[in-house]
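What follows is a single structure, written as structure tokens, with notes after it.
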Amino acid sequence: MAINRHIQTLDEFTIQQMRDFPQATGELAGLLRDIGLASKRVHVEVNKAGLVDILGDAGTMNVQGEEVKKLDIFANNQFMGVLRHGISCAGIGSEEMDDIVVFNDEISNKSKYVCLFDPLDGSSNIDVNVSIGTIFSIYRRVSELGKPATQEDFLQPGNKQVAAGYVIYGSSTMLVYATHRGVNGFTLDQSIGEFTMSHPNIVCPESGKFYSVNHGNFFQYSDKVQRYITICQQKTKENGGPYTQRYIGSMVADVHRNLIKGGIFMYPGMKDKPNGKLRLLYECNPFAFIVERAGGKATDGQQRILDIQPTAVHQRTPFFIGSKLMMDELESTS
Ligand code: AHG
């Protein structure tokens, strides 16, 4: 006889977590529900991307001067729409938009959170059916409640994040999010349209076998990074290896794999781009928060990512993230 095993949905989980805090207002649970809803809509479009005229370039550049794909715009609109019409968010910042958007209406001004998003990371992979993802980050406002959110609400260091997460649109669609209480993963059960708990209490293995870096840029990296990559290549069974190089070019997929299986991901600065490619607020801070909560580490090569005081919403940073012992080995490389 089939056993009807209990499944726990994302909403059930966040409400249960809230019950442990009598002072909780439910705003964070509401925000996560809204994010889950928008990502389900994106999931639907991503899954039919090959069938409809939504693939391909939208013919514009985003604020970083990169090509914007149609699905980027769709995803951006979904997250913006859901959060604007929800009751838990005072404003958003998105990798796809020049400036922050402060909702500035009676309900939003009372909301205590702001959100930052990369609505569709890895979008240059859409056309070739490779996993892509959404990354999000949630901060408690520092500005006065009842008034519109301000730029300062968005320019907080990553260690002030209340929650951060990502959605990976891969062989299955998964939402992983972290709070100070831990990291949990939910897989979308398409038959009921719900994210259901599949990866409770995610812990990043202390070490791993994967290193993820764009080898095509090898000679653009600093001597130290080149030496560390060479150490990875020279690993043998005797000293914890051999390592395997895995680089998809879609950070959500690369870091997700390393979070679950153990590994290190690097997007270093380069001779002509000393701050690398990745954005501190939209990509690095959320992942640094998630991976640290899971026991790993994240730095810019000099300091902890979460301690960087941002000065601009679109600033970039070199990024190194992963299993604790592999990060220690990178740091001790001279
Ligand atoms: P994009 O969204 O423009 O496709 O960028 C993806 C990001 C990140 O997810 C990935 O790890 C990195 O850029 C890949 O960049 P390179 O192709 O330069 O390695």
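Values for this structure:
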quantity	calculated
Residue within segment 191-200 that is of a type in the set (D, E), crowded, with 17+ Cβ neighbours inside 10 Å and closer than 15 Å to I7 by Cβ present	yes
Enumerated strands (runs of 3 or more DSSP E) restricted to segment 41-117, each holding at least 2 residues that are modelled with pLDDT under 95	57-61, 67-69
Matching residues in segment 71-108 - criterion: being surrounded by fewer than 19 Cβ atoms within 10 Å (Cβ to Cβ) and not hydrophobic (A, V, I, L, M, F, W, C)	N77, G81, R84, H85, D98, D99, N104, D105, E106
Among the residues listed as A178, A164, A149, the single one being at pLDDT 95 or above, assigned to a loop (DSSP other than H, G, I, E, B) and touching a Phe, Trp or Tyr at 6+ places or on another chain (Cβ under 9 Å)	A149
Pair list, Cβ < 6 Å and 6+ apart or interchain, from segment 142-153 residues that are farther than 11 Å from E106 by Cα to residues that are assigned to a helix (DSSP H, G or I)	V142/E152; V142/D153; S143/D153
Condition met for Y166 (hydroxyl-bearing (S, T, Y), within 16 Å of the ligand (Cβ to nearest atom), touching a residue at least 40 places away in the same chain (Cβ under 8 Å) and under 14 Å from L32 (Cβ atoms))	yes
Selection from segment 112-126 of residues that are of a type in the set (F, W, Y) and either on the phi > 0 side of the Ramachandran plot or within 15 Å of the ligand (Cβ to nearest atom) (or both)	F117
In segment 300-320, the residues that are within 15 Å of the chain's Cα centre (by Cα) and farther than 22 Å from S94 by Cβ	F320
Subset of segment 209-240 that is in contact with a Lys or Arg (Cβ under 6 Å, 6 or more places away or on another chain) and within 28 Å of G170 (Cα to Cα) - its residue that is surrounded by the most Cβ atoms within 10 Å (Cβ to Cβ)	S212
Out of N129, N109, sole residue that is touching a residue at least 24 places away in the same chain (Cβ under 8 Å) and away from the ligand (no atom under 15 Å from the Cβ)	N109
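The values are calculated or read from the model by the stated rules, or taken from the named source; none is laboratory data. These numbers were taken from a predicted model, which means no experiment stands behind them. Cβ sites come from the backbone with ideal geometry, for glycine too, and all protein chains shown count toward neighbours.
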